[in-house]
Amino acid sequence: MEKGRLEAFSDGVIAIIITIMVLELKIPNGVHGADVRSLLPLYPIFLSYILSFIYVGIYWNNHHHTFQAAESVNGAILWANMHLLFWLSLVPFVTAWMGENDFARWPVTCYGIVLIMNAIAYGLLILALVRHHGKNSLLAKAIGKDWKGNISISIYAIAIALSWFNSTVSFCLYILVAMIWFIPDRRIEKKIVGEEPGCEEKAR
């Protein structure tokens, strides 16, 4: 099957997820004043939104690059992609819950659970793509051992456990993972350039 509809549907869902997060940015009742200091009580909400926006952007970026190397999709890939979108769709909920409760233990824990499930879901999508295209495919060679993905899941697990003792440290670990992935992963892009004659000069 062609991959175009999957990419278009995924882009639409991710756009809706970001829109929902933006709509959650409301001034709570009781906050008055037109100066910057009046917004200080809202910093947990803004900080949660910024981090989640970065995470959703990272997933969109990597999803786009991954499917540039994919030639086609099958039923397993479609369901794996839906599984990823399901967990991404929960990001606005846990973001709002965490921000409105000043990084309390349970919201931070649930935020981490959603993040680790997104990472696992993305890994399953990669496995489905590699299985469909073969171990010697361009995609498989570009992904390699995916050390960044494995490290991220480990950090998420540590952060979830630590959230029961210090939720601030857990939130900092979520920021650390975002920093690891903030610079776009160019493994696939480099492989595509290397495989296409004449593209290497254009990419410089």
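Quick one: P(r) of region 123-186 from all Cα-Cα pairs, 5 Å bins, percents rounded to integers, in order of increasing distance.
Here the calculated profile for region 123-186 is 3, 16, 21, 17, 15, 12, 8, 5, 2, 0.
On a 1.4 Å probe surface of the protein chains, which of GLU71, GLU7, GLU24 comes out largest in accessible area, and what is the full order?
I get GLU71, GLU24, GLU7, largest accessible area first.
Scattering from the C-alpha atoms of region 27-166 alone, worked out with Debye: what is log10 I(q)/I(0) at q = 0.09, 0.16 1/Å?
-0.36, -0.88
Sort out for me the Cα centre separation of region 47-102 from region 118-174, rounded to whole Å.
Here the two parts' Cα centres lie 12 Å apart.
The values are calculated or read from the model by the stated rules, or taken from the named source; none is laboratory data. None of these values were measured; they are calculated from a predicted model. For the accessible areas, the whole protein counts, side chains as well, though only heavy atoms, and no ligand, DNA or RNA atoms are used. Shrake-Rupley method; radii C 1.70, N 1.55, O 1.52, S 1.80 Å.
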